[in-house]
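What follows is a single structure, written as C-alpha cells, with notes after it.
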Ligand code: GLU
C-alpha cells in the first residue's frame, strides 16, 4: 500500500559571523540539527554575512571548521548571504510593484524624537508613519519600509505554543532596505529560507519577536510559512551573563575542541533537557550526535532560559 508522503523536513542553521560561535549558537546548531535529522530531513548551513560593517574577518571560516570538528554535517553548499544581493533586490522589486513598501526619508534620531507611542519595539520606537503616504516635500529617500497592518500576526511555535504580535503597535512599518544600502535581516532571511525550501526554522528565543515580521513578509511575497521552534536562551549560573571565556565555542577563541568538543556537545544536549547516558560523555562527537538524533525528545526541551551545565 502506498504510504502518505510527507514533505521532507528542511532545517537550517544560520549564524552571523559577527563574533565566534558561543554556547547559545552551539545549542541552536544542535537543536536545529536534531529536529531536522530526527525525521530524516536535511540540514542546511547559511552564513549571514549580510551586515558587512559588523562582520569580523575570519570568523565565518572559523565557524565552519568548528562545526566540522564538532561532527556536524550539512547538506549541499554553504549559502553566503553576501552573494545573494540579486535575490533580495528581486524580492524588494516585487514588494515595490504591489505598493507593499515605500521609500522613507526619516532618520532614527528623528523617529525617536517624534514617536509618541508609550512603548518601543525591539528595534526602537514605533515608526510614526511620516513617509507612509509619500515622502514629505524636500525629503529624499534613505531607507525602504514595508507597510504593516494592525491585524495581529499569530503562529504556532513548536515549543512555545501560540504567539501573536500586533506589528503596528510594536514597531510599525519596518525597514527592509537600510539607509546604508544594505538589505535588512528580516527580508534576507525570508527570501533565503523560501528559496532554499526551508520549512523548519529552529533558532534562539531572542529572535521570537522577529518571527511575526518575517511571517508578514512571507505572506506578502507568497511564500509558505515554515514551522518555528524558538529554543531557550543560555545563561550563566544563577541566570547571570556567561563570561566571555566560558561562552566562547570556537577554535579562534582558543577552545581545545579536540579535547573538549564532545563534552560541549554532551552538555548542550543536557541543556536541551535530553538525558544522554553517562558513558556517552566519553564518546566521540559523531557518536554523541547519532545517539541524539535517535533519542531526541522535543517534549523534554525546557521552555524557559536557563544556565548552561558547564563541565569542569
Ligand atoms: N543570523 C542570526 C543569528 O545569528 C540567526 C537568524 C535566524 O536563525 O533566522 O542570530
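Points to keep in mind about this one:
- Residue count for the range 81-99, restricted to those that are without any contact (Cβ under 8 Å) to a residue 24 or more places away in the chain and within 19 Å of the chain's Cα centre (by Cα): 1
- Only listed residue being within 16 Å of the ligand (Cβ to nearest atom) and under 19 Å from residue 80 (Cα atoms), chosen from 11, 31: 11
Each row is one residue, and each column tells you yes or no for (1) within 30 Å of residue 35 (Cα to Cα); (2) buried (at least 22 other Cβ atoms within 10 Å of the Cβ); (3) modelled with pLDDT of 95 or more; (4) within 15 Å of the ligand (Cβ to nearest atom).
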position: 109; (1), (2), (3), (4): no, no, no, no
position: 133; (1), (2), (3), (4): no, no, yes, no
position: 167; (1), (2), (3), (4): yes, yes, yes, no
position: 174; (1), (2), (3), (4): no, yes, yes, no
position: 194; (1), (2), (3), (4): yes, no, yes, yes
position: 202; (1), (2), (3), (4): yes, yes, yes, yes
position: 208; (1), (2), (3), (4): yes, no, yes, yes
position: 215; (1), (2), (3), (4): yes, no, yes, yes
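- Residue within the range 83-102 that is within 12 Å of the ligand (Cβ to nearest atom) and at negative phi present: no
- Among the residues of the range 242-261, just one is within 16 Å of residue 60 (Cα to Cα) and outside any loop (DSSP other than H, G, I, E, B), namely 248.
- Looking at 71, 93, 76, just one residue is under 30 Å from residue 261 (Cα atoms), exposed (fewer than 12 other Cβ atoms within 10 Å of the Cβ) and either modelled with pLDDT of 95 or more or in contact with a helix residue (DSSP H, G or I) (Cβ under 6 Å, 6 or more places away or on another chain) (or both), and that residue is 76.
The values are calculated or read from the model by the stated rules, or taken from the named source; none is laboratory data. None of the values given here were measured: they were computed from a predicted structure. Cβ coordinates were reconstructed from backbone atoms using ideal geometry, including for glycine residues, and neighbour counts include every protein chain displayed.
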